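Every number here is computed from the coordinates shown, using simple stated rules; none is lab data. Here the structure is a predicted model, which means the values were calculated and not measured. Counting neighbours? That spans all protein chains shown, and the Cβs are built from the backbone with ideal geometry, glycine included.
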Number of protein chains: 2
Amino acid sequence: MAKPVGRRGETRERVLATALELFAEQGVSGTSLQMIADRLGVTKAAVYHQFRTKDDIVLEVVRPVMERLLVLLEEAGARPASQERRRFVVHGLIDLVLAHRRLLGVLFGDPYVDALLKSHVETSGHTDRLTVLVVGETPSPTDLVSVAVFGGGLVSVGGDPNLAGLDDGTLRRELRGAAERLLFTEEVARVP
Amino acid sequence: MAKPVGRRGETRERVLATALELFAEQGVSGTSLQMIADRLGVTKAAVYHQFRTKDDIVLEVVRPVMERLLVLLEEAGARPASQERRRFVVHGLIDLVLAHRRLLGVLFGDPYVDALLKSHVETSGHTDRLTVLVVGETPSPTDLVSVAVFGGGLVSVGGDPNLAGLDDGTLRRELRGAAERLLFTEEVARVP
């Protein structure tokens, strides 16, 4: 028997939380509205009442991350170009990743999610703006690779089992340190 | 009409190449044996003759990467622990990523592929051995985060559009430089 559905906002939050659980276990592609309904103990119609498609759920789960990223881009864009601005952006990204540590571990890097975001959210523009804010308009190969490694690393941090034991404060401090060495250090020992 | 199927080895290679194309376009979850057959212009039975399941195809595509990784682990394990060994492992990983640049961009980070590899290939053991070879048996939080960022970055390099314009030689040099700064540099400017 399907359980009675609670107040609308409450159900909505429960659908989102349950969807994220299933995404973590099965991947986004392997999760259906029916599975979300079954896990919640409600009918598929009750889920459908809140979200018409799985894609709507994914976009809603990702929305706070994107909103926060936009705020960071706006705030950084309003500052004059400087080493301080670069650091402001990098530290802002680290805080963003920490605030959504689990979510990023589950969703980012998932090709289904990547494709969905590309078609529904202006993400490539965000990445370009971030790159410009950190390394300027005419980045060298060193800049491009440093940013790519740091960005790829940052996105993977949420899902890395080796880091699961580190608390947010330690992870923040260590990610800032890694950013200093990778992005803000003149090359000390270049390998021939 | 389905085209005639060529010699066995040839068809096998064509199936693998076509599967990789489709994985890049649709994701692994979004690709079926039928789609691979349609793209090749052969019957599904012809594909099935080579590979019983899509998972068999994914594992076959990934096999050369895993074999090369194992060779690297063996060679590194035979050397005495030293800064040179750490560098040997890191440079070996960079060369591995460059040799399979496109493949890694398509497959790694895909949760379907991750789950498949976890259940079919001893991957978590490889990651643990790599971590020990680079940062030793009792890594500090700094070691763990540095390795996680570099590993996450390295895996994402193949699929990063910002790096598509860099040739392999430039990318190798810059990844080695990034590894030096991130993994082999005492912290120069730790942020408070």
What is the Å³ per residue value for the convex hull set by the Cα atoms of segment A:8-52?
-> 57 Å³
Mind checking the log10 I(q)/I(0) for the protein assembly as shown at q = 0.08 Å⁻¹? Debye, one equal scatterer per Cα, no solvent, two decimals.
-> -0.46
Say a label goes 7 Å from Cα toward Cβ at B:Gln26 in every copy; what distances in nm does this one have to the rest, shortest first?
-> 2.0
May I ask for the angle, rounded to the nearest 10°, between helix B:83-99 and the longest principal axis of chain B, with both axes built from Cα atoms and the value confined to 0 to 90°?
-> 30 degrees
Can you tell me the equivalent ellipsoid semi-axes for chain B? Use √(5λ) from the Cα gyration tensor, largest first, whole Å.
-> 37, 17, 15
Within the set of other residues whose C-beta is less than 15 Å from the C-beta of B:Leu166, count the net charge using Lys and Arg as +1 and Asp and Glu as -1.
-> 0
Taking the Cα centre of chain A as origin and charging only Cβ (+1 Lys, Arg; -1 Asp, Glu), how large is the dipole, in debye to the nearest 20?
-> 540 debye
Which of the GluC sites (Glu not before Pro) found in segment A:59-126 are loop residues per DSSP with 13 or fewer other Cβ atoms within 10 Å of their Cβ?
-> A:Glu122
Relative to the longest principal axis of chain B, what angle (0 to 90°, nearest 10) does the C-alpha long axis of helix B:54-77 take?
-> 30 degrees
Go ahead and estimate [θ] at 222 nm for chain B from helices alone: -39,500 (n - 2.57) per DSSP H run with n ≥ 4, summed, over the residue count, rounded to 500.
-> -23000 deg cm²/dmol
Pick from B:Leu154, B:Leu70, B:Leu107: which is most flexible by mean-square fluctuation in a GNM of chain B where alpha carbon atoms under 10 Å apart are linked?
-> B:Leu70
What does the charge dipole of segment A:8-52 about its Cα centre add up to, to the nearest 20 debye, if the Cβ of each Lys and Arg holds +1 and the Cβ of each Asp and Glu holds -1?
-> 220 debye
Low-density loop positions, trypsin sites (Lys or Arg not before Pro), segment A:1-102 - DSSP coil, at most 10 other Cβ in 10 Å | A:Arg7
Any idea what angle helix B:8-26 forms with the longest principal axis of chain B, computed on alpha-carbon atoms, 0 to 90 degrees, nearest 10?
-> 70 degrees
